[in-house]
Amino acid sequence: MTLPSTPPVHEHGPGTPLVLLHAFPFSARMWAAQLDRLSGPAGETARVFTPDQRGFGSAPLGDDEPSLDLVADDVARLLDGAGVERAVVGGLSMGGYVAMAFARRHPDRLCGLLLADTKAAADTEQARTNRERIARAVLARDSVRLLAEEKTAESLLGPAAGPELLAEVRGMVAEAAPRAVAWAQRAMAARGDSLEVLAGLEVPAAVIVGEADTVTPLADARMMAEAMADAELTVIPAVGHLSSLEAPETFDAAVRALLRRVRD
């Protein structure tokens, strides 16, 4: 196993440590707005970490077999490097899968959990087959064009998303490296069910979902919220899968509410 000594990370602000894990196939760039806004104002500050996950952004992929457990362990090493014992850990979509893997592998290091537009259930056989199809195709072509065609910006956003956001999402998809895309697809396909993990947590949690999310819909969000002892569910009207990009003010308000509950 070959790991970088410290995962690449963007960090800003003082206060409660908050790790935000990006969606597939993006990088930490998707959290640029949150990096600034969630580190203030005074009295509601967080020490925000937005790491690039393996193979995305500036993070090396390495040569390990695909596993989200490894990415969760990367987060633990990030916290070690920052001198942080416990943190609020959260993610959107694939980032949520990693956050749940972190909750399973490092529960003593959690002081709060944020799950946005994600699901606790494992993939169906059909979904796993489709992930492998995409992984093979992007590697064979050495291109993410297929991914850009199938995972369109329109399918990830709500009906009211404007042209500027659509263009931004298309650009972020195009930045992904084929090997990272294939690795992540296979890692997501291999993950297990996390509902039992969520049921065993005793920390404050927040579940956020776009009302128009067709990738991980409201039913999945409700299932996660109901599984946890201390979870609040926020449904953002008319918003799709990338809720933090499409409705950042509402998303950030839900995160701040979680941070207040953690501090209390």
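In table form, for the structure just shown:
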{"quantity": "Output for region 210-233, where each listed residue is over 20 Å from Ala121 (Cβ atoms) and not in a loop (DSSP other than H, G, I, E, B)", "calculated": "Glu232"}
{"quantity": "Where a residue in region 122-133 is on the phi < 0 side of the Ramachandran plot and its partner, wherever it lies, is surrounded by 12 or more Cβ atoms within 10 Å (Cβ to Cβ) and of a type outside the set (A, V, I, L, M, F, W, C), with Cβ under 6 Å and at least six apart", "calculated": "Ala122/Gly192; Ala122/Asp193; Arg131/Gln185"}
{"quantity": "Residue match in region 28-45 (condition: within 15 Å of Ala180 (Cβ to Cβ), surrounded by fewer than 20 Cβ atoms within 10 Å (Cβ to Cβ) and of a type outside the set (Ser, Thr, Tyr))", "calculated": "yes"}
{"quantity": "Where a residue in region 232-258 is under 16 Å from Leu20 (Cβ atoms) and its partner, wherever it lies, is of a type in the set (S, T, N, Q) and part of a helix (DSSP H, G or I), with Cβ under 6 Å and at least six apart", "calculated": "Phe251/Ser243; Phe251/Ser244"}
{"quantity": "Entirely in region 84-169, the helices (runs of 4 or more DSSP H) that have 3 or more residues that are modelled with pLDDT of 95 or more", "calculated": "94-105, 125-141"}
{"quantity": "Test result for Ala72, surrounded by 20 or more Cβ atoms within 10 Å (Cβ to Cβ), among the small types (Gly, Ala, Ser) and either touching a helix residue (DSSP H, G or I) at 6+ places or on another chain (Cβ under 6 Å) or assigned to a helix (DSSP H, G or I) (or both)", "calculated": "yes"}
{"quantity": "Exclusive hit being without any contact (Cβ under 8 Å) to a residue 60 or more places away in the chain, farther than 20 Å from Thr250 by Cα, touching a helix residue (DSSP H, G or I) at 6+ places or on another chain (Cβ under 8 Å) and surrounded by fewer than 19 Cβ atoms within 10 Å (Cβ to Cβ), set Ala190, Ala199", "calculated": "Ala199"}
{"quantity": "Which numbered condition Val98 misses (of (1) under 29 Å from Asp230 (Cα atoms); (2) in contact with an Asp or Glu (Cβ under 8 Å, 6 or more places away or on another chain); (3) crowded, with 23+ Cβ neighbours inside 10 Å)", "calculated": "(2)"}
{"quantity": "Filtered residue count, region 178-205, keeping only those that are in contact with a Gly (Cβ under 7 Å, 6 or more places away or on another chain), of a type outside the set (A, V, I, L, M, F, W, C) and in a helix (DSSP H, G or I)", "calculated": "1"}
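The values are calculated or read from the model by the stated rules, or taken from the named source; none is laboratory data. What you are looking at is a predicted structure, and each value in this text was computed from that prediction instead of being measured. When we count neighbours, we look across all protein chains shown, and the Cβ atoms used for this are built from the backbone with ideal geometry, even at glycine.
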